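Shown next, in structure tokens, is the structure this report addresses.
The values are calculated or read from the model by the stated rules, or taken from the named source; none is laboratory data. Just so it is clear, the structure is predicted and the values come from calculations on it, not from any experiment. Cβ coordinates were reconstructed from backbone atoms using ideal geometry, including for glycine residues, and neighbour counts include every protein chain displayed. The area values use the complete protein model at the heavy-atom level, side chains included, leaving out ligands, DNA and RNA. Shrake-Rupley method; radii C 1.70, N 1.55, O 1.52, S 1.80 Å.
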Amino acid sequence: MKVLTILLMFCAVVSAEEESVKTDILASESLRDIHDRGAKLYNDGDPLSCYRMFQGGLEVAARFLKHRPELQKRIAERTQKIDVEQSMAKKAFLMHELIEEVRTELRKKSTGSKVEVVDIPPRNVPDQQKKTPMVPQVKDVDQGVVGKLLLNGKPIPKATIWYVTLGANPPRVYQTQTTEQGGYQIKELAKGNYLVLVTSDSAKNYAIPAEYGLASSTPLKFELKDFPAKIDLLLNTR
């Protein structure tokens, strides 16, 4: 009888753990979609709507994270702090950073001293776009920037790259996704200074350090003077 009781208790714990992981995945995927929609609003010149979308998405996500009280507390404290900022563009950008921090946490599950990475499927891409092109070459484009994304010398597929203007008010954000060979291309860039943010949902095999996803810590900063430009993004783990 005692053995059966222990077994039932163990199954209940395992079931709860599985549900927590599923919740983390769903929350991360939802925040990803909200972020993509908000980024479009931001780039279309509407930082207020972008900020409100990010804010609402985080508030809803936090309600489903009762199994992560520390993360709930972080979301509440950071959103309150961001809300008192005067610049709407800055508020939207700080919300972007908070979303990426939260999604980084949701892709991990702490198990004692170990960290188990929760794999999240990449964005759904229409079938006609799934045929991956070769890495673009400078000679193949007449504007913008092309290059490869490498982590410890290996190409990273299906990662998201943001080029963010420095010194512009409000800043503009240009987003793209890498190909299966780690290549990327952004055509819309103008001359100027940029910092570059990189994140990846293929966390199980490509654990990009969190510092590359935050404006406050990314070491990737470039000045674009002439086009077309070729910039390989060389990331390293420490």
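Could you check the simple spin-label distance between SER87 and GLU19, using points 7 Å along Cα→Cβ, in nm with one decimal? Using points 7 Å along Cα→Cβ, the separation is 4.4 nm.
When all protein chains stay in place and ligands, DNA and RNA are ignored, the 1.4 Å accessible-area order of ARG74, ARG107, largest first, is ARG74, ARG107.
Phi angles across segment 217-231 convert, under the Karplus curve 6.51 cos²θ - 1.76 cosθ + 1.60 with θ = phi - 60°, into 3J(HN,Hα) values of 10, 5, x, 8, 9, 9, 10, 9, 10, 10, 10, x, 10, 10, 10 Hz, Gly and Pro given as x.
Taking all Cα-Cα distances within segment 49-101, those exceeding 18 Å account for 24%.
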